[in-house]
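Here you go, one structure.
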Amino acid sequence: MIALPPGTFTMGSERFYADEAPCRQVRVGPFRIDRAPVTNRDFARFVAETGHITTAEVAPDPADYPGMLDGMAYAGSLVFHRTATPVDVRDPSQWWSFLAGADWRHPLGPDSGIEELEEHPVVHVSHADAEAYAAWAGKSLPTEAEWEYAARGGLEEAEFAWGDELAPGGAMLANYWQGLFPFANQLLDGWERTSPVGSYPPNGYGLVDMIGNVWEWTADWYADRSRSARKGKPAPSCCGGIEVDPRGGSRGGSLDPAMQAMRIPRKVLKGGSHLCAANYCQRYRPAARHPQMVDSSTSHIGFRCILRG
């Protein structure tokens with residue numbers, strides 16, 4: 001783990017997605033954070049010692065998922081597959097498949113394994129799985145503010161964790177999608193999917209893979225700050241004082257208003273993944289954020305832990 005001092009930084013961005021705004025001054029206390037995301041090797045030791053069974057390894061209860069199609073109540077997880085041709089990027093079902101038997105041990109389905117992926121980030125973990133690991137390790141998941149403070153590496157208001165250019169001089173500084181998503185990946189960074197942690201240079205705090213590779217769970221319930229502002233409830237701005245150790249939204253407020261039948265709360269993901277691309281998801285930045293239902297597990301979501309104080 002790497003120790004970070006307390007500090008004040010500008011959180012958010014007003015140049016990309018609406019829910020990253022407004023920028024505001026935030027102060028966080030001291031904490032230590034894992035240098036890298038939790039790897040398959042790390043998670044395997046946790047499972048061996050505790051017998052933990054992940055969400056993806058348990059068949060869902062149809063009562064929890066109104067409208068579930070007959071025959072869909074089986075254990076599995078979401079796996080990305082590249083499309084053969086251009087598709088409508090507004091329709092994620094074009095590249096995501098819920099595969100029976102996909103889980104952390106079998107990241108691409110039941111016939112795959114992790115024998116050569118020990119140093120890759122663990123994937124197919126739900127928020128509950130990440131919390132269980134953190135508790136076993138005597139740690140916690142970071143808040144969104146703590147995560148963003150760490151990801152910025154001491155750079156104030158920079159677009160990326162390393163500066164204001166995505167690929168300065170053509171250098172690949174994170175594992176993200178180069179080319180037109182989801183069908184044409186130029187693989188300039190050398191990786192089709194996840195990469196071993198530490199494959200790219202660390203940020204100013206010595207942390208690796210804070211950007212790209214896998215999204216990372218945080219402890220915070222998702223709140224759309226841009227929606228609050230439109231309703232006349234603006235969050236504190238850069239000029240309106242300093243927020244101290246903010247803790248995100250509420251469980252009820254995190255529910256997706258577009259999914260009234262499925263009342264599953266959402267947590268904040270940070271950091272982007274190997275599937276972020278210039279034409280689809282420019283979330284390979286410290287300020288970027290994404291709401292994710294807590295029961296979700298996919299082939300591009302992982303986590304890291306912190307210790308406060």
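Looking only at trypsin sites (Lys or Arg not before Pro) in DSSP loops with at most 14 other Cβ atoms within 10 Å, what is the longest site-free stretch of the chain?
Excluding the exposed sites themselves, the longest stretch runs over 91-230.
Decide, for the stretch 157-309, between rounded, prolate and oblate: order the square roots of the alpha carbon gyration tensor eigenvalues as a ≥ b ≥ c, take rounded if a/c falls under 1.5, and otherwise choose prolate if a/b is larger than b/c, else oblate.
Prolate.
Right, next: Top mean-square fluctuation among Ala278, Ala84, Ala18, Gaussian network model of the chain, C-alpha springs under 10 Å?
Ranking Ala278, Ala84, Ala18 by mean-square fluctuation puts Ala84 first.
Further, regarding this structure: Rounded if a/c is under 1.5, else prolate if a/b is larger than b/c, else oblate: which is the chain, with a ≥ b ≥ c the root eigenvalues of its Cα gyration tensor?
Judged from the Cα gyration tensor, the chain comes out rounded (a/c under 1.5).
Normalised by the residues of the stretch 158-303, what does the relative contact order come to in percent, with Cα pairs under 8 Å and at least six apart?
Over the stretch 158-303, the number comes to 30 percent.
Pairs of alpha-carbon atoms within less than 8 angstrom and 6+ residues apart define the contacts here; what relative contact order does the chain have, in percent?
That works out to 28 percent.
Find the eigenvalues of the gyration tensor of the Cα atoms of the stretch 13-107, then list the square roots of 5 times those eigenvalues as equivalent ellipsoid semi-axes, largest first, in whole angstrom.
So the three semi-axes of the stretch 13-107 are 30, 26, 16 Å.
Quick one: putting +1 on the C-beta of Lys and Arg, -1 on the C-beta of Asp and Glu, what dipole do you get for the chain around its Cα centre, in Debye to the nearest 20?
Here the size comes out at about 960 debye.
Further question on the same structure: Answer rounded, prolate or oblate for the stretch 77-176, using the Cα gyration tensor with square roots of eigenvalues a ≥ b ≥ c: rounded when a/c is under 1.5, else prolate when a/b is larger than b/c, else oblate.
oblate
Do you know the relative contact order of the stretch 1-80, to the nearest whole percent, from alpha carbon pairs under 8 angstrom that are 6+ apart?
Reported as a whole number, the value is 23 percent.
What chymotrypsin sites (Phe, Trp or Tyr not before Pro) does the stretch 28-130 have in DSSP loop regions with at most 16 other beta carbons within 10 Å?
Taking the stretch 28-130 and a limit of 16 other Cβ atoms within 10 Å, the loop chymotrypsin sites (Phe, Trp or Tyr not before Pro) found are Tyr74.
Each value in this text was obtained by applying a stated rule to the coordinates, not by laboratory testing. If you're wondering where the values come from, they're calculated on a predicted model, not measured in any experiment. Cβ atoms come from the backbone with ideal geometry, glycine included; neighbour counts cover every protein chain shown.
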